[in-house]
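Following: one structure in structure tokens, then a few remarks.
The values are calculated or read from the model by the stated rules, or taken from the named source; none is laboratory data. Computed from a predicted model, the values in this text were never measured in an experiment. Methodologically, a virtual Cβ is constructed for each residue, glycine included, from the backbone with ideal geometry; neighbour enumeration extends over all protein chains shown. When the accessible area is computed, the model is the full protein with side chains, heavy atoms only, and any ligands, DNA or RNA have been set aside. Shrake-Rupley method; radii C 1.70, N 1.55, O 1.52, S 1.80 Å.
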Amino acid sequence: MSGHKPLSSDDLASLVRETFLRDVLTFEETDSTNTRALSFIASTQLVETPHLVYAESQTSGRGRGGNTWWSQPGSLTFSLIINMSELGLAPEQQPQLALLTGLAILKTGQQILPRADFAVKWPNDVYLADRKLAGILTEVPPQSPQHAVIGVGLNVNNEFQTAPPELQNTGISLADLSGQSQSRCEILTSFLQHLDELFQALSRGEPVLADWSDSCLLTGKTVTIQAGPNEIRGVCRGIDDSGALLLETNSGTERILGGVVANWV
Ligand code: BTN
């Protein structure tokens, strides 16, 4: 695999030219692009959105539920600041942001590796060949609820054979599967274009989540959800129009609005 080359100023300019981005804030290294994006919103009301907060590397990448996000040079780590009302999205559509982000990653991956086995995992992961390819962390600043920060960690050219042992068999990058280094600028451009199309379709009331259900990793599997102190187990029947996971349990079909997927078989 070729060495890691940071995105250039030309790459960043082309991202703004070819996608719905209005501006980009970049860091060679930062703690967490989500944390940077949230402080940026808190420090100014004048964020031009959609605004990309991009870092070549993070020292304290954050995942859901207080987890950390491990990343290496060659992966993509960024946060997109959007203004939901500007994009024609209602506050109650906020749970769908992570689902559409996952779908945009899946569509991007399928363009690059058309025969590979990509899947979305409720609520916020993308899988490739049964291993985690990308994670999404969506956060809404309490003082500015019309904004949302969509953080994405996407494994592109980093290799999991050098990852911490506990991740070596659970994570994967595009390069791990294809044996080839991929253009991170092209991937980011394609991802943002897909996301723009999906947000527009959502704002027009189109059934955008149907595509998500077609690629759902958990459908037909027996899934255990940890929701606070409660454990719910049932057969996954996809998601409904609002993005809730549907589980067929012994006491009927349950709509799961939040929680952690503890396991699936
Ligand atoms: C998860 O799988 O739990 C979500 C991981 C999200 C990681 C990304 S990397 C860019 C952005 N900044 C962060 O600190 N986290 C997200």
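A few notes on this one:
- Of the residues making up region 11-22, those that are open to solvent by 50 Å² or more (accessible area, probe 1.4 Å) and either in contact with a helix residue (DSSP H, G or I) (Cβ under 9 Å, 6 or more places away or on another chain) or in contact (Cβ under 8 Å) with a residue 40 or more places away in the chain (or both) are Glu18, Arg22.
- Out of Ser75, Ser32, Ser43, Ser60, one residue alone is within 14 Å of the ligand (Cβ to nearest atom) and loosely packed, with under 15 Cβ neighbours inside 10 Å. It is Ser60.
- Breaking point among (1) within 19 Å of Leu137 (Cβ to Cβ); (2) charged (D, E, K, R); (3) not in a helix (DSSP H, G or I), for Glu86: (1)
- Any hit, region 145-155, residues being within 14 Å of the ligand (Cβ to nearest atom), in contact (Cβ under 8 Å) with a residue 40 or more places away in the chain, more than 27 Å from Leu12 (Cα to Cα) and of a type in the set (A, V, I, L, M, F, W, C): no
- Pairs, first in contact (Cβ under 8 Å) with a residue 40 or more places away in the chain in region 246-262, second exposed (fewer than 12 other Cβ atoms within 10 Å of the Cβ), C-beta under 8 Å, six or more apart: Val260/Gly65
- Restricting attention to region 156-176 and to residues that are away from the ligand (no atom under 16 Å from the Cβ) and either without any contact (Cβ under 8 Å) to a residue 40 or more places away in the chain or part of a loop (DSSP other than H, G, I, E, B) (or both), the residue that is surrounded by the most Cβ atoms within 10 Å (Cβ to Cβ) turns out to be Asp176.
- Among the candidates Ala55, Ala104, the residue that is crowded, with 18+ Cβ neighbours inside 10 Å and either more than 24 Å from Glu206 (Cβ to Cβ) or within 12 Å of the ligand (Cβ to nearest atom) (or both) is uniquely Ala55.
- Positions within region 16-27 being in a strand (DSSP E or B) and away from the ligand (no atom under 15 Å from the Cβ), in sequence order: Asp23
- Filter result for Asp241 (open to solvent by 60 Å² or more (accessible area, probe 1.4 Å) and touching a helix residue (DSSP H, G or I) at 6+ places or on another chain (Cβ under 9 Å)): yes
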